[in-house]
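Since the structure comes first, as C-alpha cells, the remarks are kept for the end.
The values are calculated or read from the model by the stated rules, or taken from the named source; none is laboratory data. In this text, all values refer to a predicted model and were calculated from it rather than measured experimentally. All Cβ positions, even for glycine, are placed from backbone atoms using ideal geometry, and neighbour counts span all protein chains on display.
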Amino acid sequence: MISTAAIVESFRQLPEKISLDEAVERLIILDRYGRAMEEIGQEKGHKNEDVMREMKEWIQASR
C-alpha cells in the first residue's frame, strides 16, 4: 500500500499538467517500488551476487 505522503511528494515533482496515463503510471511505479522495498526488508528478494552467478551459468550453458 502506498502512503498518501509518498503520493503527494511524487506528484509535486511532476510538471503542472500531465495526462491521466502519466499519473496512473506514476502510481503503479510507486506501488511496485513499495512492494519491492517490503520484500527486500523481509529478505524475500534475490541477492545481486546470486543473480549474477546464475546469469553467467545460464549464458555459458546456452553457448
| query | Which ones in the range 11-21 are modelled with pLDDT under 95 and either touching a strand residue (DSSP E or B) at 6+ places or on another chain (Cβ under 7 Å) or in a helix (DSSP H, G or I) (or both)? | reply | PHE11, ARG12
| Selection within the range 14-30 - exposed (fewer than 11 other Cβ atoms within 10 Å of the Cβ) and either in contact (Cβ under 8 Å) with a residue 12 or more places away in the chain or charged (D, E, K, R) (or both) | GLU16, LYS17, ASP21
| Scanning for something within 15 Å of the chain's Cα centre (by Cα), under 18 Å from MET1 (Cα atoms) and touching a residue at least 12 places away in the same chain (Cβ under 8 Å), does the range 33-49 turn up at least one residue? | yes
| task | Select from the range 22-55 the residues that are charged (D, E, K, R) and not in a helix (DSSP H, G or I) and list them in ascending order. | result | GLU43, LYS44, LYS47
| Taking the range 31-43, which residues are surrounded by fewer than 10 Cβ atoms within 10 Å (Cβ to Cβ) and of a type in the set (D, E, K, R)? | GLU43
